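The structure appears below as structure tokens.
The values are calculated or read from the model by the stated rules, or taken from the named source; none is laboratory data. Keep in mind that this is a model prediction, so the values were computed, not measured. Note that we place each Cβ from the backbone using ideal geometry, even for glycine, and neighbour counts take in every protein chain shown. To get the accessible areas, we keep the full protein, side chains included, count just its heavy atoms, and leave off ligands, DNA and RNA. Shrake-Rupley method; radii C 1.70, N 1.55, O 1.52, S 1.80 Å.
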Amino acid sequence: MNECQQTGLARRIARPPAVIGILGGGQLGRMMALAARSMGYGVRVLDPASRCPARVAADGAVTAPFDSVQAARELARQCDVLTYEFENVPAEIVTALEQESWFPQGGEALRISQDRLREKQALREAGFETAAYRPVTSFEDLQEAADEIGLPAILKTCRGGYDGKGQVPLRTGHDLQRLHGTMDAGGHWILEKWVPFQCELSVLVARGSQGETRSFPVVKNVHRSGILHRTTAPAALAPQQEARVQQWAQALAGRLRYVGILAVELFYLKDGTMVANEMAPRPHNSGHWTLDGCSVSQFEQHIRAVTGLPLAEPVVTRPTVMLNVLGQHYAALLAGIDTLPANCFVHIYGKDDVRPGRKMAHINCTGTNAAEARESARLAEELLQMEADHE
Ligand SMILES: Nc1ncnc2c1ncn2[C@@H]1O[C@H](COP(=O)(O)OP(=O)(O)O)[C@@H](O)[C@H]1O
Ligand SMILES: [Mg+2]
């Protein structure tokens, strides 16, 4: 009996050459579109930039702001099934389209992930531990919250932050006092206890339209200045820990009735405790290694989920270290691309505007074993002069 019969629900399928509409045309949209195109689907993207990274991989586009309901409806009219790649698409627009069109990914996980307080709550309900936290709406709240959970801590805006933006680390009472008079009335923040992590991890789970789930192996992440720098796949956790993390992530996807790829970022403590930090209901930067190191990429898996196709079983084919190439590394990458080790695979996003800190490309450094992948990554980092910005 297949999972479709088990749940008693008819599986809705978008058969190629059906057209997939993607809200958001960044690098995630581009890689989703490339996967969808190779699977035989048509692709349209909605993005405010007419030359967005996904545009060249799509066969049509709606150029409009993300908060335009009319534009989103126009995209829906041109497509058979919808998905989003970008967390800051207004959840209300997704929820509205969900009523009128086929949008299996849905608005609920998006709504939760857009608010760090709701997100922490949802992570806890699914079984994850989180750092101690308090909601903060004023400087007085902040003082009280800091007294309760203690310093060091980190103050984050509840909405709109990414790549470390909208965050203030508070090491001492002096750091806290400096915020006096700077917190706008009506603002919403979360004060989180600083987690003394040994390393950072993430897990990506795919949930299909019938509720079936498949997890990618847990990976290890290194951030620099709040931006992902390197992912090592697999992290090679103890099997019991791996199973536990995957189970919680699957429970989270199930509780949110989510369809597609869902990522959870975690901190790993010295004593083996794992603390969830945040989630992302979309393909995730820490899953880019799957393009060259796994039996199925996160992008194909996401497309399979939202089109109602069976999910593939993710199996690591080559240990991989993924390096993000930011604006400050981009010229060195282009100049030295012919000198990278042969087992490095470069993925360039086609962004015109090169700025420091902007994600321009990534390199998957593979190997027949983990040591070989690490060595390729070391050579690539050297070539891109990445040591210079070591913390
Ligand atoms: N409570 C915390 N304790 C320790 N480090 C943290 C904490 N929160 C965030 N960080 C660090 O900052 C990075 C970015 O924070 P995150 O909450 O993931 O926000 P973003 O949405 O910008 O990715 C994390 O990957 C981690 O390195
Ligand atoms: Mg993060």
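Only one entry of 163, 175 meets the criterion of being within 16 Å of ligand 2 (Cβ to nearest atom) and out of contact with any helix residue (DSSP H, G or I) (no Cβ under 6 Å at 6 or more places or on another chain), and that entry is 163.
Just so you know, in region 252-273 the residues that are open to solvent by 10 Å² or more (accessible area, probe 1.4 Å) and more than 23 Å from residue 95 (Cβ to Cβ) include one that is nearest to ligand 2 (Cβ to nearest atom), and it is 265.
Residue 111: away from ligand 1 (no atom under 15 Å from the Cβ) and either outside any loop (DSSP other than H, G, I, E, B) or free of Cβ contacts under 8 Å to residues at least 12 places away in the same chain (or both), yes or no?
Details: away from ligand 1 (no atom under 15 Å from the Cβ): yes; either outside any loop (DSSP other than H, G, I, E, B) or free of Cβ contacts under 8 Å to residues at least 12 places away in the same chain (or both): yes.
So residue 111 passes the test.
Evaluated against (1) open to solvent by less than 70 Å² (accessible area, probe 1.4 Å); (2) touching a Pro at 6+ places or on another chain (Cβ under 8 Å), residue 67 falls short on exactly one condition, (1). Going by what's in this entry, would residue 185 be described as more than 14 Å from ligand 1 (Cβ to nearest atom), out of contact with any Lys or Arg (no Cβ under 9 Å at 6 or more places or on another chain) and part of a loop (DSSP other than H, G, I, E, B)? Spelling it out, residue 185 is indeed more than 14 Å from ligand 1 (Cβ to nearest atom), out of contact with any Lys or Arg (no Cβ under 9 Å at 6 or more places or on another chain) and part of a loop (DSSP other than H, G, I, E, B). Could you say whether any residue in region 340-356 is free of Cβ contacts under 8 Å to residues at least 24 places away in the same chain and open to solvent by less than 70 Å² (accessible area, probe 1.4 Å)? Yes, region 340-356 contains a residue that is free of Cβ contacts under 8 Å to residues at least 24 places away in the same chain and open to solvent by less than 70 Å² (accessible area, probe 1.4 Å).
The set of residues in region 260-290 that are touching a residue at least 12 places away in the same chain (Cβ under 8 Å) and out of contact with any strand residue (DSSP E or B) (no Cβ under 6 Å at 6 or more places or on another chain) comprises 260, 269, 270, 272, 273, 282, 290. Per the listing 280, 331, the residue uniquely within 25 Å of residue 109 (Cβ to Cβ) and at pLDDT 95 or above is 280. Residue count for region 293-314 under the criterion of being outside any loop (DSSP other than H, G, I, E, B) and open to solvent by less than 10 Å² (accessible area, probe 1.4 Å): the result is 9.
When you check residue 166 against the structure, is it within 15 Å of ligand 1 (Cβ to nearest atom), surrounded by fewer than 16 Cβ atoms within 10 Å (Cβ to Cβ) and at positive phi, yes or no?
Values: within 15 Å of ligand 1 (Cβ to nearest atom): yes; surrounded by fewer than 16 Cβ atoms within 10 Å (Cβ to Cβ): no; at positive phi: yes.
When the stated conditions are applied, residue 166 does not pass them.
Can you tell me which residue is most open to solvent (accessible area, probe 1.4 Å) among those in region 315-333 that are within 22 Å of residue 293 (Cα to Cα) and among the hydrophobic types (A, V, I, L, M, F, W, C)?
The residue in question is 315.
Considering every residue within region 287-307, establish whether at least one is within 15 Å of ligand 1 (Cβ to nearest atom), touching a Lys or Arg at 6+ places or on another chain (Cβ under 9 Å) and among the hydroxyl-bearing types (Ser, Thr, Tyr). The answer is no, given that none of the residues of region 287-307 is within 15 Å of ligand 1 (Cβ to nearest atom), touching a Lys or Arg at 6+ places or on another chain (Cβ under 9 Å) and among the hydroxyl-bearing types (Ser, Thr, Tyr).
For region 188-208, does any single residue satisfy the condition of being in the same structural domain as residue 295 (by TED's automatic domain parsing), in contact (Cβ under 8 Å) with a residue 40 or more places away in the chain and more than 21 Å from residue 276 (Cα to Cα)? Yes, that holds for at least one residue. Looking at region 223-233, is at least one residue more than 22 Å from residue 154 (Cα to Cα) and among the hydroxyl-bearing types (Ser, Thr, Tyr)? Among the residues of region 223-233, at least one is more than 22 Å from residue 154 (Cα to Cα) and among the hydroxyl-bearing types (Ser, Thr, Tyr), which makes the answer yes. The set of residues in region 221-234 that are within 16 Å of ligand 2 (Cβ to nearest atom) and not hydroxyl-bearing (Ser, Thr, Tyr) comprises 221, 222, 223, 224, 226, 227, 228, 229, 230.
Residues in region 222-237 that are within 12 Å of ligand 1 (Cβ to nearest atom) and not in a strand (DSSP E or B) were compared, and the one that is surrounded by the fewest Cβ atoms within 10 Å (Cβ to Cβ) is 225. Sort through 323, 333, 340 and tell me the only one that's more than 26 Å from residue 17 (Cα to Cα), in contact with a Lys or Arg (Cβ under 9 Å, 6 or more places away or on another chain) and among the aliphatic types (A, V, I, L, M). Residue meeting the stated conditions: 323. Of all the criteria given as (1) in a helix (DSSP H, G or I); (2) open to solvent by 10 Å² or more (accessible area, probe 1.4 Å); (3) closer than 19 Å to residue 290 by Cβ, the one not satisfied by residue 77 is (3).
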